[in-house]
Amino acid sequence: MSDSNIFHVPSQTLPSVSPADSYDAFRAQDTPLIIDNGASHLRFGFSTAPAPHSSPNLIAKYKERKFNQPLLLFGDAIDAESGAKGQAKSPWEGDVLLNFDALEHALDCAFIQLGIDAPAVDHPVLMTERLSSPLHSRALTSELMFEQYSVPSLTYCVDSLMSFYQNNRSNPFTADGLVVSFNTASTSVVPVLGGKGVLSHAKRIPWGAQQSTEYLLKRIQLKYPNFPTRVTSSQTSWMLHNFCEIAPDYPSVLRALKDPLKLRAAERIIQFPFALPVVEEKTEEELARIAEKRKEQGKKLQEMAAKNRMEKLLQKETDLQYLVNLKEGRGENKREWTNTLQSEGFDDDAALDETIKKLELDLKRARKKEVEGDDAMNVEEPSFPLIDVPDADLDDDSLKEKKKQKLLKAGFDARLRARREKEKEKEEKDAEERREEEDRERNFDEWAARLRREQEAIMNRIKDRGRRRAALSDRKSAAAQARMKNIASLAADDRVSKKKRKAGGEDMFGADDEDWAIYRKINTAAASSDEEEEYNQLQAIESKLLTYDPTFTAQHTHASITSQRSALITAFRPQYEEGDVEGNTRIHLNTERWRVCETYFSPTMAGVDSAGLGEVLQSVLARFSDAEKGRLVKNVFITGAPSHFPGLPTRLYSTLRPILPPEMPLGAIARAADPALDAWRGMAAFANTGGLPDVGVTRAEYEEWGGERVKRWWGGNWNLAEG
Amino acid sequence: MAPKGSSKRKAPNDGSTTHTPTLAEQLSFLHSPRPFKNPDYTKNVNRRTKNLKTVLSQERERERLERERKRQEKEELEQTMDVDGEVRQREAEVEDIPTYSSIEAPPSLLPQRHYCDITGLEAPYTDPRTGLRYHDKSVYELIKGLSASAAKDYLAARGVNPIVR
């Protein structure tokens, strides 16, 4: 991965306060005011200016939190206030001018920037509108311009035609050509014959830079569903501008990219800003201090425990002493003795003796522990004398004793047996291990082969289990249907044969232990104990192989085989470690670079049901006669800010060449000299030639006809309300 | 009438002597004077911003009405006068007037190429369970591991919106 492939997302730059222009040059002049009203940028200026002011066509009315000031921000200024970006509105919705409040504010800001301080905007205005824009948009714009700003005259034009004019200047304008204009929310193809746009044969594809950006963003989100930071649309459009290109032949590019190596070579890595987590590394002293503290606490606890034990011991000793004294002081008077006993809480003599014995034992044990430390005591075999004496010879008390002793003996015997069995098992295991070692040392290959076979068998079983589970979840599979049959037969009544039923026989299910095995087949929740067993076996075998067999590496283990990802997927979306923060905030763009631009030629890739650029060109050209076609294709012209994708002219050429008759000359595809600003420049140039008064709608005409009517001319729209 | 030569700068907020105006305030146009606006113009305040759908349907209605009207005119003319050439020319004009919806590109007629929903390469195969197209079996393993919502997202990116059953 070359370092030169890594690009960092540009950081936000704060806008600067720029002073307004001086109006003195233009006051009381009739210099035309040129406004290129684009869906992404608003370009405005006087026609004699060398370059327009260009600013994003966005308005934000925002109330600032800190000082509670309302703000009206325009264009770039929105970046100054982070909360304003959410409130930004554009006059455009896709390709249609809808939000006139926003337009009014935008024009206000534009005029303020130009420094206009006259009571009215007293300049003829030349404005752009979209190809065949709806009359509603035009009506409201005219109303705004004439009533609000009192302009003397207003002309509408189509931006692509103006850009064409700029690049094929002639007076009078008589150029021919095919204009392919890339706009924010649409792409249009306009044929121009003899200097007039043949708008009836123009076509517009509802796919533009805005939709491409959204598509790229969607693809990135699908590829990186757990990306730590949010990717904004401005970052996406930066990515679109800088890294995406148009493939000269998409299928062949894809075929080349199939190879993971080429995929890696073609990728661009975008590094997003990330923050390294601050690891609080305690210094060594601190660590030592903490360890000390813990040790001290432990010691303290131990001391406390020892003290408690001492206390209890003393208490027990005193109790014992007391009881022994009591016993010795037992007088001849039995009644007195029983009274004393009861007051102490003992039922009879035997109970007292028991307690004394217990206390003595405890004391002995404790003292032994103290003296020798934690030594395991040898369990003496307690004696059970009464068990062998037959019942008849004993009295009530002794019977009770005998029962107790029987129980104790049974428990003792069982424990002994268990211990012996455990020892036996251990011996067996040791013997087996010894045998295996001998095997291994004697015939290493065979042993290794055997183990490997076992491992494969277990892996196959695990795979089968997984497959069976998958099959069960699919309703129509054979496994699922077999299961249903089993359930049905279990639930059916006729499992018991008729004879038995007549004889009053009952359902004999369960009498045979193996009947219950059917529940294992029915139960879809996979038998987890079996799985665990198999996994444990697998682990044991694999560890043995790993330690002794040099040819069995970690790659052969089951774990690595299942988690293996193909080379293609790793090339497509490289995985980074969990802790690699820098790696995890990277976006790798490989196939997306061409895929996103390919949508211009086939919008159905992204779900938009429309013909692509190639098809549209074909259909537009088809409506002309051959002679006209020849004139059109001699001069194919690309304009619009998104048209600077590398590879676009070659692709258009190769799209057009097959659909034209072979002998027709196809000129090289020309690009606008300055795709973003040429429309404005064309408009300024046209205005400077003085052609505005012929084609503009004056105030008087507006008041007579209303806002929708325009004069039909070569650069403007032509629709129903034409005059 | 605002006096000529009044300040053209974007003025910081009036009365904001308690703090230096932030960058945003300096850039704000809210309090800048707008002498060029016609104070007598009262916007139709009740006018709401119509949304795209209503505007477009309005356009279509008008276009349809226009067409009807022109057709009727033409019929009347045919009945009264017999000026074929002129009538036919007008007819051609009527049909060709471009409107916002008429210049929209038609749906695609070419057969669609299948591209892999995950990687973007060519996709000869389709997964029957989710309907996603994939490039080869390693991508298929990936698809098997996708959750239902992730699979739906991939399909939505292609424009296929499966009905939730």
Checklist entry - Say we look at the range B:93-146 and pick out the residues that are of a type in the set (D, E, K, R) and exposed (fewer than 14 other Cβ atoms within 10 Å of the Cβ); which of these is nearest to the other protein chains (Cβ to nearest Cβ)? => result B:D96
Checklist outcome for this item: When B:L65 is run through (1) farther than 19 Å from A:D21 by Cα; (2) within 7 Å of chain A (Cβ to nearest Cβ); (3) at pLDDT 60 or above, the failure sits at (2)
Checklist outcome for this item: Filtering the range B:104-154 down to residues that are part of a helix (DSSP H, G or I) and farther than 15 Å from A:K223 by Cβ yields B:K137, B:S138, B:Y140, B:E141, B:K144, B:A148, B:S149, B:K152
Checklist entry - Of the residues that make up the range A:616-623, is at least one out of contact with any Leu (no Cβ under 7 Å at 6 or more places or on another chain) and under 23 Å from A:N242 (Cα atoms)? => result no
Checklist entry - Which pairs have Cβ atoms under 9 Å, sit 6 or more apart or on different chains, and link a residue in the range A:451-470 that is on the phi < 0 side of the Ramachandran plot to one that is basic (K, R) and part of a helix (DSSP H, G or I)? => result A:L451/A:K544; A:A470/B:K144
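Every residue, every condition in (1) within 14 Å of chain B (Cβ to nearest Cβ); (2) in a strand (DSSP E or B), yes or no:
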site	(1), (2)
A:Q12	yes, no
A:S16	yes, no
A:S22	yes, no
A:I34	no, yes
A:L42	yes, yes
Checklist entry - Could you say whether any residue in the range B:149-161 is outside the structural domain of B:R62 (by TED's automatic domain parsing), under 22 Å from A:D249 (Cα atoms) and of a type outside the set (A, V, I, L, M)? => result yes
Checklist entry - Across the range A:581-635, what is the total count of residues that are in contact (Cβ under 8 Å) with a residue 60 or more places away in the chain, within 17 Å of A:M664 (Cβ to Cβ) and assigned to a loop (DSSP other than H, G, I, E, B)? => result 4
Checklist entry - Limited to the range A:1-39, what total is found for residues that are of a type outside the set (A, V, I, L, M), buried (at least 20 other Cβ atoms within 10 Å of the Cβ) and within 26 Å of A:A88 (Cα to Cα)? => result 3
Item to check | Positions within the range A:202-225 being closer than 23 Å to A:G177 by Cβ and within 8 Å of chain B (Cβ to nearest Cβ), in sequence order | outcome: A:A202, A:K203, A:R204, A:I205
Item to check | Qualifying helices (runs of 4 or more DSSP H) (wholly inside the range A:657-723; at least 1 residues being under 17 Å from A:I638 (Cα atoms)) | outcome: A:678-688
Checklist entry - Out of all the residues in the range A:67-76, which are farther than 23 Å from A:N183 by Cα and either more than 9 Å from every other protein chain (Cβ to nearest Cβ) or crowded, with 22+ Cβ neighbours inside 10 Å (or both)? => result A:N68, A:L71, A:L73
Checklist outcome for this item: Note: among A:L126, A:L135, A:L154, A:L161, just one is crowded, with 23+ Cβ neighbours inside 10 Å, at the interface with chain B (Cβ under 10 Å from one of its Cβ atoms) and in contact (Cβ under 8 Å) with a residue 60 or more places away in the chain, namely A:L135
Next on the checklist: I need every pair where a residue in the range A:666-680 that is over 14 Å from A:S160 (Cα atoms) has its Cβ under 9 Å from the Cβ of a residue that is in a loop (DSSP other than H, G, I, E, B) and among the charged types (D, E, K, R), sequence separation at least 6 or different chains.
Outcome noted: A:L666/A:K634; A:G667/A:K634
Next on the checklist: Quick check on A:S489: is it hydroxyl-bearing (S, T, Y), farther than 20 Å from A:I518 by Cβ and either modelled with pLDDT of 80 or more or not assigned by TED's automatic domain parsing to the domain that holds A:Y548 (or both)?
Outcome noted: no
Next on the checklist: Checking the structure you have, find out if any residue of the range B:81-91 is at pLDDT below 85 and within 30 Å of A:G612 (Cβ to Cβ).
Outcome noted: no
Next on the checklist: Residues to consider are B:Y134, B:Y115; find the one that is modelled with pLDDT of 85 or more and touching a Lys or Arg at 6+ places or on another chain (Cβ under 8 Å).
Outcome noted: B:Y115
Item to check | Tally of residues being more than 11 Å from A:A110 (Cβ to Cβ) and either more than 14 Å from chain B (Cβ to nearest Cβ) or surrounded by fewer than 14 Cβ atoms within 10 Å (Cβ to Cβ) (or both) across the range A:44-66 | outcome: 9
Next on the checklist: With the requirement that a residue be among the polar types (S, T, N, Q) and either facing another protein chain (nearest Cβ under 10 Å) or part of a helix (DSSP H, G or I) (or both), what does the range A:82-121 give you?
Outcome noted: A:S82, A:Q87, A:N99, A:Q113
Checklist outcome for this item: Reported set for the range B:37-62 where residues are modelled with pLDDT of 75 or more and over 18 Å from A:L103 (Cα atoms) is B:K53, B:T54, B:L56, B:S57, B:Q58, B:E59, B:R60, B:E61, B:R62
Checklist entry - Taking the range A:442-480 on its own, how many of its residues are over 35 Å from the mean Cα position of the chain (by Cα) and assigned to a loop (DSSP other than H, G, I, E, B)? => result 1
Item to check | Residue count for the range A:83-141, restricted to those that are under 27 Å from A:S200 (Cα atoms) and β-branched (V, I, T) | outcome: 4
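The values are calculated or read from the model by the stated rules, or taken from the named source; none is laboratory data. Quick caveat: nothing in here was measured; it's all calculated off a predicted structure. Here the Cβ is made from the backbone with ideal geometry for all residues, glycine too, and neighbour counts use every protein chain on show.
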